[in-house]
1. For the range 202-211, state whether one or more residues are among the β-branched types (Val, Ile, Thr), farther than 19 Å from residue 70 by Cβ and touching a strand residue (DSSP E or B) at 6+ places or on another chain (Cβ under 6 Å).
2. Return yes when residue 197 is on the phi > 0 side of the Ramachandran plot, outside any helix (DSSP H, G or I) and either buried (at least 24 other Cβ atoms within 10 Å of the Cβ) or of a type outside the set (Gly, Ala, Ser) (or both) and no when it is not.
3. Starting from the range 230-246, take each residue that is free of Cβ contacts under 8 Å to residues at least 60 places away in the same chain and in the same structural domain as residue 85 (by TED's automatic domain parsing) and list its partners that are surrounded by fewer than 21 Cβ atoms within 10 Å (Cβ to Cβ) and assigned to a strand (DSSP E or B), counting only C-beta distances under 8 angstrom and pairs at least six apart or across chains.
4. Please specify each residue of the range 68-91 satisfying the condition of being touching a Gly at 6+ places or on another chain (Cβ under 8 Å) and assigned to a loop (DSSP other than H, G, I, E, B).
5. For the range 86-107, which positions are over 18 Å from residue 181 (Cα atoms) and hydrophobic (A, V, I, L, M, F, W, C)?
6. So how many residues does the range 49-92 have that are among the polar types (S, T, N, Q) and at pLDDT 90 or above?
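The values are calculated or read from the model by the stated rules, or taken from the named source; none is laboratory data. On a predicted model such as this, the values are computed, not experimentally measured, just so you know. Don't worry about glycine lacking a Cβ; one is built from the backbone with ideal geometry, like all the others, and counts go over all protein chains shown.
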Amino acid sequence: RALELGAVDFVRKPDVAGTLQVRQVAGRLHDALRAATMVNLRGVPMLERTLRGRESTPARRLTPDPRAARAVVVIAASTGGPRALAEVIPGFNRTLDAAVLIAQHMPRGFTAGLARRLDEASALTVHEGTDGELLLPNHAYVAPGGRHMAVRATADGPRIALEDSPTVWGVKPAADPLFRSAAAVFGNQCVGVVLTGMGRDGSNGLRAIREAGGGAVVQDEATSTIFGMPAAAIEHAGADQVVPLSGIAGAAAELLAARNAARGTA
């Protein structure tokens, strides 16, 4: 049956084992393989049909989803963050034309409520991020408690990747993995924001954003509940703007608009 379907040859298995029999089979197999390399596959019915099918079926091409976000704002927040976010997120309007991703240091079970409150107060659509979700402009995604959130490039656009990897700076979600991945995917179409909080989370990621050509906004000391994260970000990465809480949304939108204008003239 195999020969009928197009097998070039066959080699019989020896009836008994032994070095001599193995050597004989090896020689016969070598000859059969060499002969097979010279066969015109167009004359083998089964393979000819396969080849014709490959020639007539165009390769499936994945193209970017036209809805996908082309720019992003990523935000780090810890102690005092929920109150700060309650002022920052409603400060964005739908002319932002970018996705917003938020890493607020919170345990599992609390981030859904945060997202719901922000959604009720904001012109943006706000919810917890889900794994594999396509990033859309004018949507804000809160990292679920107990999971790191990152951005992953795919053929049809940037998507969320949720990771249950070890804590970073003792927290999960952390901002550094989010910031670094956003810098890698969006390049200079990314603005990082570091808000109030204790520790150094966000400083390494903000540096990666600036090195990729993105922008950096940091909350000032006067309006920060704790100036630890903003101070570390300024020291380690620098900032394009250090502003009061009331100016964060406007500063981030301004930096994005400038980069979008540059992209349009490139």
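1. There is no residue in the range 202-211 that is among the β-branched types (Val, Ile, Thr), farther than 19 Å from residue 70 by Cβ and touching a strand residue (DSSP E or B) at 6+ places or on another chain (Cβ under 6 Å).
2. Answer is yes for this residue.
3. 230/242; 234/242
4. Answer for the range 68-91, where residues must be touching a Gly at 6+ places or on another chain (Cβ under 8 Å) and assigned to a loop (DSSP other than H, G, I, E, B): 68, 69, 78, 79, 80.
5. 86, 88, 89, 92, 96, 106
6. 2
Listed here are the residues, each with its yes/no results for (1) touching a helix residue (DSSP H, G or I) at 6+ places or on another chain (Cβ under 6 Å); (2) aromatic (Phe, Trp, Tyr).
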{"position": "166", "(1), (2)": "no, no"}
{"position": "169", "(1), (2)": "no, yes"}
{"position": "181", "(1), (2)": "no, no"}
{"position": "191", "(1), (2)": "yes, no"}
{"position": "194", "(1), (2)": "yes, no"}
{"position": "199", "(1), (2)": "yes, no"}
{"position": "203", "(1), (2)": "yes, no"}
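Yes/no per residue for (1) within 19 Å of residue 134 (Cα to Cα); (2) in contact (Cβ under 8 Å) with a residue 40 or more places away in the chain; (3) under 22 Å from the mean Cα position of the chain (by Cα); (4) assigned by TED's automatic domain parsing to the domain that holds residue 93:
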| residue | (1), (2), (3), (4) |
| --- | --- |
| 156 | yes, yes, yes, yes |
| 181 | yes, no, yes, yes |
| 187 | yes, no, yes, yes |
| 192 | no, yes, yes, yes |
| 204 | no, no, yes, yes |
| 249 | no, yes, no, yes |
